[in-house]
Structure formats: structure tokens, C-alpha cells
Amino acid sequence: MNFKNKLTALDTIVKKEVRRFLRIWLQTIVPPVITMSLYFIIFGNLIGRQIGAISGFSYMQFIVPGLIMMSVITNSYMNVCSSFFSTKFQKSVEELLVSPTPNAIIILGYCVGGIVRGLLVGFVVVLVSLFFTKLHIHNLFYLVSFAVLTATVFSLGGLTNAIFAKKFDDISIIPTFVITPLTYLGGVFYSIDQLPAVWQIVSKLNPILYMINGFRFGFLGITDVNLMMSILILIFFIVSLFVINLSLLRRGSGLRT
Amino acid sequence: MEALTIDTLKKTYSNGFEALKGVSFAIEQGDFFALLGPNGAGKSTTIGIVASLVNKTSGSIKVFGYDLDTQKNLVKQCIGLVPQEFNFNVFEKVENIILQQAGYYGIEYSLAKERAEKYLKKLELWDKRMEAGRNLSGGMKRRLMIARAMVHEPKLLVLDEPTAGVDVEIRHSMWEFIKEINEKGTTIILTTHYLEEVEALCKNVAIIDQGKILTNTSLKNLLRMLDRQTFVMDLQSKVAHIPKMDQAELTLVDPTTVELTVPKDMVLNDIFSQLSDQNIKVLSMRSKSNRLETLFLDLVHQGKSS
């Protein structure tokens, strides 16, 4: 396959993936928007009024970036995980396996699909948040960089999960028992400055803390962590997960007998 | 040139089952080749390895001279696969299934559109192009998989039981289509349980059982190996018993039906004369089973007993 052929294959996978989640928008776009709206109402409006300001911002303004990032994380992960597992379940993944599409293009195609859904849902949540608070952008570069890099990490993670998954239960274990707790403990609802010293150290072992803080810096200009280190952590995860996925596809783990 | 060369191919699954025990055969370019065997013989494993869906344990495979281990993508470009099980996204529209497959082979959209139209029309699916795959009948789904396998116009088409569960009329129209693409130069490998399909289409045949090739020869040679044939005769009137004859075996199925088994080269006039002498009149006669079917069963039984 020459470069042009590879681009055609990539374009095919991306369009297929985007068309898939747009076709079922009631399952893919609407539910996260409703969930986040409830967070805005309950945590931001009702409880937030009693909490007061954090680092000079209202509680609602403080949690909005975290909640947007939470949508990006969940949706980019679940998009790739459920879509790729469905192709395994229906055996339509064989269409790709018999074709000369390089493994790197397969990973990239599914990953872009996950990024697009993560960012699209994130954007819709931003629009919804404007009904509850005013948002201003402090640094567009960091805001976009952290959103895209985080969506990439979780898209790649979703693919790894899907390659290993043997049944539908297997695609919900990681989101339920790993991603959700780490997201809630990653500084969505609080600044780690408010925690005792020991828990601050423990929190810094959570990679999602760096993603949320970097993204929050893009909006508010405040962060609990070093931004360059955050970007390096994200790049490390992207490279590692890409190499792992490439190796799994090359070996045919979970795909070839 | 050889379209496919398989050399000492072995496959042992993770549960220890040895599916292939050193399979070797070659298929010439332009051939229409049948790979036959009972269920679990190793046909689909062989095809799966050739199509990169199953990892081999050892052995080598070359497709049009390209080595599967070192030139996998060139091998994949040459092969079109119609698998035994439906393996397309049932929620996707028929035309999109074809267009996506073309995209995976790097075919540009305009050419993919053209080919999708060509093959969907040839396989009588054009009117269904906007339907979701799940709404198609079993026969339509099989034809859709053939159209999908043809979209990159492969040099080697592998058909794993393509007509399973398809009605007679559609099966014959599929035969016509497959014959036509073979005449245009596409090499075809066919596995099927319909042995009349093999007699109607194939030039060469290999029979595989328990992971070993039992025979690999031309269809003509294979049929020459058949040493007996069985006929069913309908009698004009009821008979209580049937006479015994040398070399021929006669069995009374019911009072007006007799089964006759004779050596292949035996002249049948003697049989009719002897029946006439007993005042038994034959109204009609037909071959009981497909010739190849008899031979296939013989070979597989011999293979098992040895």
C-alpha cells in the first residue's frame, strides 16, 4: 500500500466510526450531556453556593473544566472500546484483518473516531455549561492540547481494552472500577491543595489529575501541577499505549486463533 | 505460475488440538480448485491461515510468489475471501459494506462506487443497496459477501461454503457468476458440502481429513477412481423378491423399487435380460447418488481406517 492508499484506508475507518456514533446519537451524545447538566445543577448551583470560592473562582466555574474533561475521557474511551469490541463480536473485524490496511492505520482510525466523539461531547457540554456560568479562556493552546491529548490517551486505552475483551462485561470493568474512581479522585470537584499532605502525594500518582489540571489551566489559569510534566505524562501514555496496541494487533491477540 | 503453494502447513490450537498435520499442495493460476473434507477436517483452518485470520504453527505459504511471512500485505492484496460465517456489520447498509471494504484496500471512493455498482448488479443486490445487512435473506447475505470479496478484484478468490443454505435457483446463478470470473482469469478455491457443485465447477480437487491431504488430483482422475455405481430402478409391477446376480447387487427397497449396485465398467444389458427373464419390467432408472459423493465417502473412510 502506498501513502495515498493508506490515507484512503484511514479515511474509511474514521468516517465509519464517526458515522456510527452520529447514527446512534441518542445513545452517544445525549446521555453525557444530561448527566453533566445534572452535575451543574446539583453540585454547581445547589451545593456549590454553600462551598464558596476556590482559588478566586466560584465553585461552578471551578468544576466546569473538570466535568468537561470527565465527558471527554469517558466518551473517547467508550467509543473505541464498544465499537471495536462490536466488530469482534460480529466478526466484521475480519474485514480489516484480511485487508492490507497496516495495523498502525487501524489504531489511528479507531483512535481518531474516539477523539472526535470525545471532543464533540466535550464541546456540547461546554455549550450546556454556558447556561449555568460564564466561561473565559485563559490559554487556548493548553486547553486544546490537553483535550486532544487526553482524548487520544483514552481512545488508545479503549482499544487495548476491546482487544482483550472476550465478552460484553469485559468492556465495562475498566471504566467502572478504574477510570471512574480515578476521575472522581483526579481533582474534578476539588483542588488537591485542600487535601492533607499525604493525600496530596497520593493524588499526584493519579494521571487523570494532570489531565484535569492542565485543561483547567486553559480555562482558569490555575493548576495544582506542573504543566510541562503533565504534557510529558500524556505523551508517555500515548506512545506506550500505541506500541502496546500495535504489538497486540501484530500478534493477533484476541483476534486470531 | 502457481497461485498458491502450501508447504508442510501445521496448526495446533491452544487447547492442543492438531488441526493441520503437515498439509502441502499447490494450485495453478487460473485453476478452479476444490478443497473437500468432512466437518473438522481442516479446510477452514487452511483457508483461515491463507487469509491471515488464523496464525499458523509452522510451514510456508506463497500466493503468486509472495511469501505470507515476509510479504503479508502483498499476499492480502491478491486474495478475496468469502467466509463460511456471515462476518459483516449487520447494521450497515449493503452499499456501505462494499465501499468500506474497498477503502480498506486503499481503493479511491469513485472507483469503489463504480465497482460496488458493478458487483451488486451482477449479484442481483443493487435494489437492496440501501437496506441494512440484517434485512437481507440468507442467500442475499452470501451474495453480498461475494460482492465484498470481489471489490478489490483479487487474483485468488477463496470461497468457504459460499452456497450453504442457498436455494437451487440462486445457487445456480451464483455458479454462473463464479464460473464467469474464473473464465476471466481469477483463480478460485472452493470448499463445499455440495459435491454436485464440485462436479459442475472444479477442475482439480484435494480431499483433506484429520489435518492430512488424502488425495490431490484432477476431477477427471478422481472420478476414474470410482469402481462402482448405484442406480435406483422403478418397476412396472410389484415383486415379492428379487433374483441374485453375479457381480451385481440388487436390493428390494419396496415392492416397486430396486437398488442396483454394479462395477463401473459392467455392461448393464445382461442385468436387464435377466430381469426380463424373471418377468420384471423396469419403467425408469436413475443414479442413486452423486458419483463424487460415493468416492468422497470411500476415501474418507479409507483414510480413517488407515
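Evaluate the range A:221-229: report whether one residue or more is over 21 Å from residue A:154 (Cα atoms) and in contact with a strand residue (DSSP E or B) (Cβ under 7 Å, 6 or more places away or on another chain). No; the residues of the range A:221-229 include none that is over 21 Å from residue A:154 (Cα atoms) and in contact with a strand residue (DSSP E or B) (Cβ under 7 Å, 6 or more places away or on another chain).
Only one entry in B:187, B:192 is surrounded by fewer than 23 Cβ atoms within 10 Å (Cβ to Cβ), assigned by TED's automatic domain parsing to the domain that holds residue B:58 and touching a residue at least 12 places away in the same chain (Cβ under 8 Å), namely B:192. Would it be correct to say that residue A:154 is of a type in the set (Phe, Trp, Tyr), part of a helix (DSSP H, G or I) and modelled with pLDDT of 95 or more? The answer is yes for residue A:154. Only helices (runs of 4 or more DSSP H) wholly contained in the range A:190-257 count here; list those with 3 or more residues that are within 14 Å of chain B (Cβ to nearest Cβ). Answer list for the range A:190-257: A:227-251. Do we find that residue B:239 is surrounded by 15 or more Cβ atoms within 10 Å (Cβ to Cβ), of a type outside the set (Lys, Arg) and part of a strand (DSSP E or B) in this structure? For residue B:239, the condition - surrounded by 15 or more Cβ atoms within 10 Å (Cβ to Cβ), of a type outside the set (Lys, Arg) and part of a strand (DSSP E or B) - is not met. You will find that of A:212, A:244, the residue that is in contact (Cβ under 8 Å) with a residue 40 or more places away in the chain and open to solvent by 10 Å² or more (accessible area, probe 1.4 Å) is A:244 and no other. Report yes if residue B:233 is open to solvent by less than 30 Å² (accessible area, probe 1.4 Å), aliphatic (A, V, I, L, M) and in a loop (DSSP other than H, G, I, E, B), otherwise no. So residue B:233 fails the test. Condition first: in contact (Cβ under 8 Å) with a residue 60 or more places away in the chain and touching a Gly at 6+ places or on another chain (Cβ under 6 Å). Now tell me which residues in the range A:48-62 satisfy that. The answer is A:60, and nothing else.
The selection criterion, being away from chain A (no Cβ under 14 Å), surrounded by 21 or more Cβ atoms within 10 Å (Cβ to Cβ) and more than 30 Å from residue A:14 (Cβ to Cβ), does not hold for residue B:170.
For the range B:195-224, which residues satisfy the criterion of being part of a strand (DSSP E or B), within 22 Å of residue B:78 (Cβ to Cβ) and open to solvent by 10 Å² or more (accessible area, probe 1.4 Å)? Of everything in the range B:195-224, those that are part of a strand (DSSP E or B), within 22 Å of residue B:78 (Cβ to Cβ) and open to solvent by 10 Å² or more (accessible area, probe 1.4 Å) turn out to be B:204, B:216. Got at least one residue in the range A:194-205 being within 14 Å of the chain's Cα centre (by Cα), closer than 30 Å to residue A:54 by Cβ and among the polar types (S, T, N, Q)? No: the range A:194-205 contains no residue that is within 14 Å of the chain's Cα centre (by Cα), closer than 30 Å to residue A:54 by Cβ and among the polar types (S, T, N, Q). With respect to the conditions (1) outside any loop (DSSP other than H, G, I, E, B); (2) within 12 Å of chain A (Cβ to nearest Cβ); (3) open to solvent by less than 60 Å² (accessible area, probe 1.4 Å); (4) among the hydrophobic types (A, V, I, L, M, F, W, C), residue B:116 lacks only one, and its number is (2).
Look at residue A:130 and say whether it is farther than 30 Å from residue B:74 by Cβ and over 15 Å from the mean Cα position of the chain (by Cα). Yes: the conditions hold for residue A:130.
The values are calculated or read from the model by the stated rules, or taken from the named source; none is laboratory data. Please read these numbers as outputs of a predicted model, since none were measured by experiment. For neighbour counting, all protein chains shown are included, and Cβ atoms are generated from backbone atoms with ideal geometry for every residue, glycine included. Just so you know, the surface numbers come from the protein's heavy atoms only, side chains and all, with ligands and any DNA or RNA stripped out. Shrake-Rupley method; radii C 1.70, N 1.55, O 1.52, S 1.80 Å.
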